[in-house]
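Notes to accompany the following structure.
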Amino acid sequence: MKPGSLTSPVLFRTITMELNLKKPLAFFDIEATGLSIIKDRIVELYILKVNPNGTKESNTWLINPDYPISEEAEQIHGYSNDSLKDKPTFKQVAKEISKFLHNCDLAGYNAIKFDVPMLVEEFLRADIDFDIKKRRLIDVQNIFMKMEQRTLSAAYRFYLQKELQDAHGAEADAMATYEILKAQLDKYENTTFTDKKGTASIPVKNDMDALHEFSSHHRNADLIGQIIFNENDEEVINFGKHKGKKVEEVLKVEPSYYNWVMNSDFPLFTKNLLTNIKLKMKLQ
């Protein structure tokens, strides 16, 4: 269960364009105990890895979250704590998952806001150094919403000429995301996009750097966009009373802000980032 997830069985139309890859691209989808990136846990993870030579590998992990599954989430994905009690915890399979994702860029549907931050939080809790900085992040939902500005229910009808049917599952969602991205590359080849500033470009092209750039609303410094980069590559707070201010300036004027973040419900990744900025300031 996650916000903005695909909700259809795998229904495909013929796609002619294949992905132009320089490194593996992992399409993945998460089912979780709830919607909180900080508190909730993964119960199912499916990964479809597409290699530069066109071959594909896939794997599914069912995980004992060791955390209560919300009633709403159970009704959607069908997993209960009892049904997963004999499955391994994420920590027990974290090395295996990290190895499967070695050198992969990441792609998903609503992945930048939900799947990627939740996956990284799980790796941090398992003491696995999962380096996200060198990975391109491609969000098929952002491409769809920017180019068509329609609801998710229209995605299959528009791209695959099929009606949505209720079917929640990580494998179906990830496979569908893979097919939609290829359909987007077909449809938007040589299509001009004009952003809010009036700048025109052709952003949807068979190039992972271009798709990574177009998938992002901001250049996030953390994974959920609470700290972003400005035009000078400086970390800027993107929420609350200090929104728009540089992190270093806030920490200088209000040192207690650091402790507030450390003691509040922020993702570990965000807390680690703030700590690194604070340590960098001491060395200056």
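Every number in this text was worked out from the coordinates using simple rules, so none of it is lab data. All values reported here derive from a predicted model rather than from experimental measurement. Here the Cβ is made from the backbone with ideal geometry for all residues, glycine too, and neighbour counts use every protein chain on show.
Structure values in brief
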{"item": "Rounded to the nearest 20 debye, dipole of the chain from Cβ charges on Lys, Arg, Asp, Glu", "result": "800"}
{"item": "GNM flexibility winner over the chain from ARG136, ARG219, ARG41 (Cα, springs under 10 Å)", "result": "ARG219"}
{"item": "Max mean-square fluctuation residue, GNM over the chain, Cα-Cα springs under 10 Å, options ASP66, ASP207, ASP195", "result": "ASP195"}
{"item": "Cα centre as origin, Lys/Arg/Asp/Glu Cβ charges: the stretch 227-283 dipole, Debye", "result": "200"}
{"item": "In order through the stretch 196-208: 3J(HN,Hα) via Karplus (6.51 cos²θ - 1.76 cosθ + 1.60), integer Hz, x for Gly, Pro", "result": "5, 8, x, 7, 9, 7, 10, x, 8, 9, 7, 8, 5"}
{"item": "Residue of PRO68, PRO267, PRO117 that the Gaussian network model of the chain assigns the largest fluctuation, springs spanning Cα pairs under 10 Å", "result": "PRO68"}
{"item": "Qualifying chymotrypsin sites (Phe, Trp or Tyr not before Pro) in the stretch 215-284, DSSP loop, other Cβ atoms within 10 Å at most 13", "result": "PHE239"}
{"item": "Karplus 3J(HN,Hα) series, Hz, for the stretch 124-135 with 6.51 cos²θ - 1.76 cosθ + 1.60 (x for Gly, Pro)", "result": "5, 5, 8, 6, 9, 7, 9, 6, 9, 5, 9, 9"}
{"item": "Amide H contacts under 5 Å for PHE193, placed H, 5+ residues apart", "result": "SER201, ILE202"}
{"item": "Extension reserve of the SER256-ASP66 stretch, reckoned as 0.36 nm per residue once the Cα distance is removed", "result": "65.1 nm"}
{"item": "Amide H within-cut-off set for VAL43, under 5 Å, with H built and near neighbours excluded", "result": "GLU31, ALA32, THR33"}
{"item": "Among GLN184, HIS102, LEU251 - extreme Cα towards positive end, dipole of the chain, charges at beta-carbon", "result": "LEU251"}
{"item": "Table column - 3J(HN,Hα) (Hz), the stretch 226-239, Karplus curve with 6.51, -1.76, 1.60, x for Gly and Pro", "result": "7, 10, 10, 9, 8, 5, 9, 6, 9, 6, 10, 6, 10, 7"}
{"item": "Pairwise centroid distance, computed over Cα atoms, of the stretch 210-265 with the stretch 97-112, Å", "result": "23"}
{"item": "DSSP bridge pairs, the stretch 25-215: antiparallel proportion in percent, nearest 5", "result": "75"}
{"item": "Across LYS49/LYS182; LYS39/LYS146; LYS56/LYS182; LYS99/LYS278; LYS85/LYS113; LYS245/LYS280, pairs whose alpha-carbon gap is larger than 20 Å", "result": "LYS39/LYS146; LYS99/LYS278; LYS85/LYS113"}
